Amino acid sequence: MSLWGNKDLVYSDGTVTVNLSTKKVERVGTSATFDTAGISTGNVITVGAGATYGYAVITNVDSAGTLSIASTAGFVASSVPATTYSISEEPLYVLGDSHYRAPESKTTGFSTSPVLTGVFGVDRLEVAAASNTKYAVAHQGWVGITTYIDCHGNFRVKSEVLVAGGISTSTGTDAADDAQYPDS
């Protein structure tokens, strides 16, 4: 298992629930087919829009409808109802970084307004499309983003290239990050 991959979206079909006591992710309904979706040990599952509920590393694809996760430490809720999710190959070490810990929207020392933090897989086309915006980044790869309102009321974006490299966001493997990084 590598420390990161190059897909910002491996799979994201339907909804799931997470049983925090058994460390199992269960599909809701019949839409998800985890065993044929290309999900691998070490992929990261983000649960809820904007990681509302948290993140975890996948340790096993148990069946078409069940995944096992390594830990529940990345979850911020005591229970997880049926909700959206996405699975990516983002860097595993980011999960231990308190700056990028879930949820992605929170109030911190930067500002009294909500702060957005997140890790995005940014390909070369997305770098070019964002080049003249506040979301401009130095290089394609896995990029950490922090947005906030400063003390003068100005919208600010801080970016940090965590892993420089080629990101694959071809058709069907692009995360829902077009607000920050449009495809072209």
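The values are calculated or read from the model by the stated rules, or taken from the named source; none is laboratory data. Owing to the predicted nature of the structure, the values given are computational and were not obtained by experimental measurement. Backbone-built Cβ (ideal geometry, glycine too); neighbour counts: all protein chains shown.
Observations on the model:
- Test set (1) on the phi > 0 side of the Ramachandran plot; (2) at pLDDT 90 or above - Gly14 fails condition number: (2)
- The set of residues in the stretch 40-54 that are crowded, with 20+ Cβ neighbours inside 10 Å, of a type outside the set (Ser, Thr, Tyr), within 15 Å of Ser12 (Cβ to Cβ) and without any contact (Cβ under 8 Å) to a residue 60 or more places away in the chain comprises Asn43, Val44, Ile45, Val47, Gly48.
- Among residues of the stretch 145-181, those that are farther than 19 Å from Ile87 by Cβ and either part of a strand (DSSP E or B) or at pLDDT below 70 (or both), counted: 14
- Residue within the stretch 55-68 that is at positive phi, crowded, with 16+ Cβ neighbours inside 10 Å and free of Cβ contacts under 8 Å to residues at least 40 places away in the same chain present: no
- Of all residue pairs spaced 6 or more apart or on separate chains, those with beta-carbon atoms under 8 Å, a first member in the stretch 124-143 that is assigned to a strand (DSSP E or B) and a second member that is charged (D, E, K, R) and at pLDDT below 90 are Trp142/Glu90.
- Checking Arg27 against (1) within 18 Å of Ala73 (Cα to Cα); (2) modelled with pLDDT of 90 or more, the condition it does not meet: (1)
- Inside the stretch 99-130, residues that are of a type in the set (A, V, I, L, M), under 14 Å from the mean Cα position of the chain (by Cα) and at pLDDT 70 or above make up a count of 3.
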